[in-house]
1. Being under 27 Å from ILE377 (Cα atoms) and open to solvent by less than 10 Å² (accessible area, probe 1.4 Å) is the requirement here; does VAL324 meet it?
2. If you scan region 174-214, which residues turn out to be under 18 Å from CYS142 (Cα atoms) and polar (S, T, N, Q)?
3. Based on what the data block shows, is MET234 within 19 Å of THR309 (Cα to Cα), under 26 Å from the mean Cα position of the chain (by Cα) and either free of Cβ contacts under 8 Å to residues at least 40 places away in the same chain or part of a loop (DSSP other than H, G, I, E, B) (or both)?
4. Among the residues of region 61-87, count how many are touching a strand residue (DSSP E or B) at 6+ places or on another chain (Cβ under 6 Å), free of Cβ contacts under 8 Å to residues at least 60 places away in the same chain and of a type in the set (Val, Ile, Thr).
5. Kindly evaluate LYS263 against the criterion of being assigned to a helix (DSSP H, G or I), over 30 Å from TRP96 (Cα atoms), open to solvent by 70 Å² or more (accessible area, probe 1.4 Å) and basic (Lys, Arg).
6. The conditions are (1) open to solvent by 30 Å² or more (accessible area, probe 1.4 Å); (2) under 24 Å from the mean Cα position of the chain (by Cα); (3) not hydroxyl-bearing (Ser, Thr, Tyr), and ALA341 fails exactly one of them. Which is it?
7. Restricting attention to region 211-234, which residues are open to solvent by 10 Å² or more (accessible area, probe 1.4 Å) and closer than 20 Å to GLY439 by Cα?
8. I'd like the full set of residues that are at pLDDT below 95, of a type in the set (A, V, I, L, M, F, W, C) and farther than 14 Å from TYR42 by Cβ, limited to region 214-252.
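The values are calculated or read from the model by the stated rules, or taken from the named source; none is laboratory data. On a predicted model such as this, the values are computed, not experimentally measured, just so you know. Glycine also receives a Cβ, built like all others from the backbone with ideal geometry; neighbour counts cover every protein chain displayed. Each accessible area value is taken on the protein alone, full model and side chains, heavy atoms only, with ligands, DNA and RNA left out. Shrake-Rupley method; radii C 1.70, N 1.55, O 1.52, S 1.80 Å.
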Amino acid sequence: MPVLYDRLLKLKEMFHSKFGSIPKFYVRAPGRVNIIGEHIDYCGYSVLPMAVEQDMLIAVEPVKTHTLQLANTNPLYPDFSTSANNIQIDKSKPLWHNYFLCGFKGIQEHFGLSDLTGMNCLVDGNIPPSSGLSSSSALVCCAGLVTLTVLGMNLSKVELAEICAKSERYIGTEGGGMDQSISFLAEEGTAKLIEFSPLRATDVKLPSGAVFVIANSCVEMNKAATSHFNIRVMECRLAAKLLAKYKSLQWDKVLRLEEVQAKLGVSLEEMLLITEDALHPEPYSPEEVCKCLGISLQELRTQILSPNTQDVPIFKLYQRAKHVYSEAARVLQFKKICEEAPDNMVQLLGELMNQSHVSCRDMYECSCPELDQLVDICRKFGAQGSRLTGAGWGGCTVSIVPADQLPSFLANVHEAYYQRSDRSLAPEKQSLFATKPGGGALVFLEA
């Protein structure tokens, strides 16, 4: 906590020099690392993240005017001000302040409020941006909690997480709810199995003989700025509809792959077999999808696809469904191994993480050459398992490393990946660090 206290004091000073006054309170929301369960939350499946120590901090002062003034301690992010009662979020540009506005607007709409007080806010984040550690969702969650606190309202952590998950979609990302859920529901010392509909979190005790190490590939990927992410969401949606149709279910009501399994009442292993029968590995054209479902291209575009995926030429439905059902099974196996704690636990968990990376790379195609190289280097130098974490296409890897090998692992990976290239030019992004499960979002009164 001393590091956090120092940051709060520094933030207070910067706030004073910026706004000429003292903050009334501070809000913190952490980033996260997803240990296993990639790209399946928006399909309805459980995931297994933990909060990291890196976070978003916001210093706040409510003001009498109706103006929202936002500033950032990082000079790369320009100041922004707007009327609190006329929030416009531009989906075409994922600018930093739009993530704050998502959280603000989510709370405003939840309570149906129109006459909102203004505030001065100074934001300070130490989560590397576009790294797959949820810096953007941490900012949405932080802003939601700031707004709730200014209004003097109360909500449970689960309600807050659900509102913030929904409100991040204002920026155009069709995400699940993992990032917002762990930001609020995290507890120090434990990872969490996060389940959806209804949202709930269960402690998962990680092995004491191993540490989880995060390594940043230094390839940035902004989810909202690219359609990769939303194309995957739509491919999963289409796969769910085709599987439902194949099994004579009411396919037009189905949105998620998990719903197909639930309606059929079968195991994940059986869903993998049904996928083999129902879908072909060759990509589907929009015309073929329409033929399978008996709808027109116009109906596909306007009723099923999201606005930024309406012109996608091909959909890989078989590959995406295979990844989702196998990854959902890996999450449950991971939790089971953590509970049973066999002697070779670290090796078994590592194998699941390795399988997850292969599936993300080959079936979901959300890796990139740098992530694959970094995963190989981590395994070479002692990781029992290593995989991409977060949306992928850049960002970070997470590795499970036996605790006694940590110092040599860090030194070797640093030399092999960071020093052998121009990546050493960006020390702040060169994040290579061991992490332990941190706590969730908090409000601090005056520092």
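1. yes
2. GLN180, SER181, SER183
3. no
4. Adding up the residues that qualify gives 4.
5. yes
6. The failed condition is (2).
7. If the condition is that a residue be open to solvent by 10 Å² or more (accessible area, probe 1.4 Å) and closer than 20 Å to GLY439 by Cα, then VAL211 is the only one that fits.
8. Listed by number, the residues that qualify are CYS218, VAL219, MET221, ALA224, ALA225.
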